Amino acid sequence: MRTTSIVLLFLLMLPMALCAQGDAVKAVEVTAPGNRQLRLAVEIPRALEAPPGSPAAREMGDVIAFDMNMSGVMAAETREQLSLNGPVPLAGTNYLSWASAGFELLVRGEYSIKGDNLTVEFRLFDVLSRKMMTAKRYLGKTKDLRYFAHSFADEVMLVVTGEKGCFTTHIAFVSKQSGNKEIAIMEWDGHNQMQLTRNGSINLNPDFSPDGREILFTSYKRRNPDLYKRALSTTVEVPVSSRKGLNITGTWSPDGSRIALALSKDGNSEIYTLARDGSSPTRLTTNHAIEVSPVWSPDGSRIAFVSDRLGKPQIFIMDADGGNVRRLTTAGGYNVNPRWSPKGDKIAYARMNGGGFQIFTINSDGTGDTQLTSAGSSENPAWSPDGRFITFSSKRGGAEAIYVMRSDGSGQTRVSQGKGAATQPAWSVR
């Protein structure tokens with residue numbers, strides 16, 4: 001196996017959010033989409049002041065409904081107001097009409113647009129109990145419209161499940177839209193894609209820092225596969241490791257103090273860790289095999305990696321100091337791309353299956369090996385920060401694209417847009 005396989009000036013200008021809490025409700029325990037889904041109506045927000053024909057209202061409603069449907073917790077629909085007597089203010093919710101239509105939860109909103117300024121208020125209602133569950137008001141610019149809707153979707157998840165959603169996060173990935181392999185970033189649902197690197201070379205393997213402020217990637221812009229990092233607040237790409245040979249598959253430790261990567265400076269590819277500035281290399285593996293793709297456990301105590309020391313690539317786990325190496329995957333003859341779940345209980349990976357790859361998860365003790373995908377060829381899984389979703393790249397009848405699915409494999413949805421292949425996704429922190 002030869003593996004030579006992000007960065008921006010992408011400041012998330014987080015708008016001011018003013019919160020008004022309604023009556024608190026006990027969180028509903030929802031652990032899998034197999035549980036009964038709650039029916040949620042997302043009423044198209046009412047315009048208090050807005051330009052005629054503004055698409056803002058429908059877009060905000062559709063964003064919230066998409067997020068809720070992807071969660072697997074709710075079956076959501078964007079709906080017009082259920083009223084025969086004109087617009088109903090937020091304080092005058094008609095619970096009976098929504099209950100009669102079969103809904104248990106309701107999101108309502110109002111907004112105003114003055115020039116480039118946007119004000120939005122959303123409220124979540126328990127239709128059956130006839131009470132408000134939570135409310136949020138957001139003040140910002142019109143460009144923040146989708147962010148406001150995603151933010152409220154996060155709050156709905158917090159109220160209903162007890163854990164905030166991940167809908168304001170981003171996915172970095174390798175895009176060939178420009179013709180070269182450049183690093184790009186997009187909202188988790190594929191909107192507002194932005195190209196980050198523009199060096200016209202090959203750029204691979206993005207990884208977000210634990211604080212979300214920096215990103216690692218490997219670039220061939222100086223002909224050798226060197227590792228770089230870049231703060232999201234600048235366009236400066238700082239070399240981290242430009243040692244002879246491979247400097248690839250770099251990932252941050254959970255505390256951001258170390259970087260694990262594969263180096264071939266001494267011959268074959270081995271696993272090392274470096275200080276965050278690239279100094280103090282520590283070799284963790286010593287084997288004649290090729291070893292790549294190190295990823296840290298959430299507590300930083302262990303590292304999973306790929307090795308062909310048994311003849312073909314398999315997933316192994318070792319202590320963070322290189323000790324106590326053990327084989328994790330025992331099924332399949334070619335297993336790569338490990339990624340640890342946020343809770344540390346599972347590892348997602350790609351297995352060669354027939355003529356392509358498919359995504360699997362396995363418990364960190366080696367039990368529960370489960371196939372999640374079956375269509376096309378799918379690789380490079382990465383977990384959402386809440387562990388509810390997995391993103392991956394897949395080729396299904398055309399160019400490779402970025403998909404998102406729930407952690408049990410359901411709800412597989414293409415999110416990347418535009419032309420050109422999209423591969424190697426990495427999920428940001430929230």
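Going by what's in this entry, would F148 be described as in contact with a helix residue (DSSP H, G or I) (Cβ under 9 Å, 6 or more places away or on another chain) and either under 14 Å from S428 (Cα atoms) or open to solvent by 40 Å² or more (accessible area, probe 1.4 Å) (or both)?
When the stated conditions are applied, F148 does not pass them.
Please count how many residues of the stretch 167-213 are open to solvent by less than 30 Å² (accessible area, probe 1.4 Å) and either closer than 19 Å to V295 by Cβ or among the acidic types (D, E) (or both).
Looking only at the stretch 167-213, we keep the residues that are open to solvent by less than 30 Å² (accessible area, probe 1.4 Å), and these are 167, 169-175, 182-190, 196-197, 201, 203-209, 212.
Subsequent filtering for residues that are either closer than 19 Å to V295 by Cβ or among the acidic types (D, E) (or both) retains 169, 171-174, 182-183, 187, 189, 204-209, 212.
Selection size over the stretch 167-213: 16.
Every residue, every condition in (1) hydroxyl-bearing (S, T, Y); (2) farther than 28 Å from P281 by Cα; (3) open to solvent by less than 10 Å² (accessible area, probe 1.4 Å), yes or no:
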site	(1), (2), (3)
I317	no, no, yes
G322	no, no, no
A331	no, yes, no
D345	no, yes, no
Y349	yes, no, yes
G355	no, yes, no
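Checking the conditions here, which among V415, V429, V404 is more than 20 Å from Y334 (Cβ to Cβ), open to solvent by 30 Å² or more (accessible area, probe 1.4 Å) and of a type in the set (A, V, I, L, M, F, W, C)?
Matching residue, one of V415, V429, V404: V429.
Is it the case that some residue within the stretch 422-430 is touching a strand residue (DSSP E or B) at 6+ places or on another chain (Cβ under 9 Å) and basic (K, R)?
no
Of the conditions (1) at pLDDT 95 or above; (2) more than 28 Å from the chain's Cα centre (by Cα); (3) not β-branched (V, I, T), G140 fails just one. Which one is it?
(2)
Evaluate the following for T361: is it part of a loop (DSSP other than H, G, I, E, B) and within 15 Å of N335 (Cα to Cα)?
No; evaluated as a whole, the condition is false for this residue.
Taking strands (runs of 3 or more DSSP E) that fall entirely within the stretch 29-127, which contain at least 1 residues that are within 30 Å of D386 (Cβ to Cβ), modelled with pLDDT of 90 or more and open to solvent by 60 Å² or more (accessible area, probe 1.4 Å)?
Details: elements: 38-43, 46-49, 74-79, 105-114, 117-126.
Answer list for the stretch 29-127: 38-43, 74-79.
Is it the case that the stretch 377-386 has a residue that's farther than 22 Å from T251 by Cα and either open to solvent by less than 30 Å² (accessible area, probe 1.4 Å) or at pLDDT 95 or above (or both)?
yes
In contact with a Leu (Cβ under 7 Å, 6 or more places away or on another chain), polar (S, T, N, Q) and closer than 19 Å to G322 by Cβ: is that true of S280 in this structure?
When the stated conditions are applied, S280 passes them.
(1) open to solvent by 20 Å² or more (accessible area, probe 1.4 Å); (2) closer than 17 Å to G190 by Cβ: which one isn't true of I390, the others all being true?
Every condition holds for I390 apart from (1).
The values are calculated or read from the model by the stated rules, or taken from the named source; none is laboratory data. Quick caveat: nothing in here was measured; it's all calculated off a predicted structure. So basically every Cβ, Gly included, is an ideal-geometry build from the backbone, and we count neighbours across all protein chains shown. Calculation scope for accessible area: heavy atoms of the full protein, side chains included, ligands and nucleic acids excluded. Shrake-Rupley method; radii C 1.70, N 1.55, O 1.52, S 1.80 Å.
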